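Handing you this structure, nothing more for now.
The values are calculated or read from the model by the stated rules, or taken from the named source; none is laboratory data. Only a predicted model underlies this, so the values are computations on that prediction, with no experimental measurement involved. Using ideal geometry, Cβ is built from the backbone for each residue, glycine included, and neighbour counts are taken over all protein chains shown. We work out accessible area using only protein heavy atoms, side chains counted, and drop any ligands, DNA or RNA first. Shrake-Rupley method; radii C 1.70, N 1.55, O 1.52, S 1.80 Å.
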Amino acid sequence: MAVVFETLLASDFTARSDRPLDRALRVADERDGTLFIAHVLEKGGSNPDSGIVERLRMDLPPEARGAELVVRAGSAPKVLAQLAAERGSDLIVTGVARYNSIGDYVLGTAVDHIVRNADAPVLVVRGRARGPYAHMVVATDLSGCSRAALLAAARLFPDTAITLVHAFHVPFEGWLKSDDVKRDVRAEAQEELDAFLAHPDVAALKARIEPLIDEGETGSVVMRQLDRTGADLLVLGTHGRSGFAHATIGSQAEALLAAVSVDVLMVRERKA
């Protein structure tokens, strides 16, 4: 029996959930998969009654009404992670929302919890889905974690062009003015990137990848490459236990997530 790709959409059924819904529908169609919609009642709310599912279903656009829909009470991040684990969902889609609700990544609560506790990648949708993703920027620190994020993004969006960017900086640049020092640091960064690209799984994507190194603070480099390429997706890898604190872009992750206007795919490193 063929395994069907499942997209889990976290929706609060407000107007701001339209963009994540549009993207989730598109991903499900592109992967010839299914869409599962989860709505979590806020803390203090009553347990869902028998008619709430159908009432919510009628709020969906016609093309989404055939999707499986479930309503549960509890903490949204915990419930969503549990549902994704129970169902073996391949992708979790969420959006930007208010404090302590679905998609609140600015304060690092809900999405951070989901990323740390769900095996599936988490797609935070900000833009309107006008078509398939055309170009993604993948930020890499050349670790196994960022390699896993690159490979997961490439599998999820097999027709999307990839810019793989690695930021480097010259230590004590204020003191060391020598151009030779900068050239040496750049050359070392290039060697490390070449070794990363030589991994068999990454090498298989060679035709799709534009690899580059760029000097500067990582967040600035990522923003610069998003602007240069016109990319509509940013991909970040994150280690499992500490969430954003150990994301590929380090301690700047939350600030960058708040600053970018494109969608962001967060991929947690799975245990071996």
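Identify all residues within segment 81-100 that are in a helix (DSSP H, G or I) and either touching a helix residue (DSSP H, G or I) at 6+ places or on another chain (Cβ under 6 Å) or at pLDDT below 90 (or both); write none if there are none.
Matches in segment 81-100: Ala81 only.
Separate question: Can you confirm whether Gly44 is at pLDDT 85 or above and either open to solvent by less than 60 Å² (accessible area, probe 1.4 Å) or small (Gly, Ala, Ser) (or both)?
Judged against the criteria, Gly44 is not a match.
Which of the residues spanning segment 151-187 are open to solvent by 70 Å² or more (accessible area, probe 1.4 Å), modelled with pLDDT of 90 or more and part of a helix (DSSP H, G or I)?
Within segment 151-187, just Arg155 meets the criteria.
Would you check which residues across segment 133-150 are in contact with a helix residue (DSSP H, G or I) (Cβ under 6 Å, 6 or more places away or on another chain), closer than 20 Å to Ala198 by Cβ and open to solvent by 30 Å² or more (accessible area, probe 1.4 Å) and list them?
Leu142
To continue, here is another question. Note down all Cβ pairs under 6 Å where the first residue falls in segment 187-210 and is among the aromatic types (Phe, Trp, Tyr), the second is open to solvent by less than 80 Å² (accessible area, probe 1.4 Å) and not in a helix (DSSP H, G or I), and they're at least six residues apart or on different chains.
Once the first residue is among the aromatic types (Phe, Trp, Tyr) and sits in segment 187-210, its partners that are open to solvent by less than 80 Å² (accessible area, probe 1.4 Å) and not in a helix (DSSP H, G or I) give Phe196/Leu142.
Okay, moving on. When you go through Arg55, Arg26, Arg16 one by one, which is the residue that is modelled with pLDDT of 90 or more, out of contact with any His (no Cβ under 9 Å at 6 or more places or on another chain) and of a type outside the set (Asp, Glu)?
Arg26
Within segment 131-160, which residues are under 13 Å from Leu233 (Cβ atoms) and among the charged types (D, E, K, R)?
The one that is under 13 Å from Leu233 (Cβ atoms) and among the charged types (D, E, K, R): Asp159.
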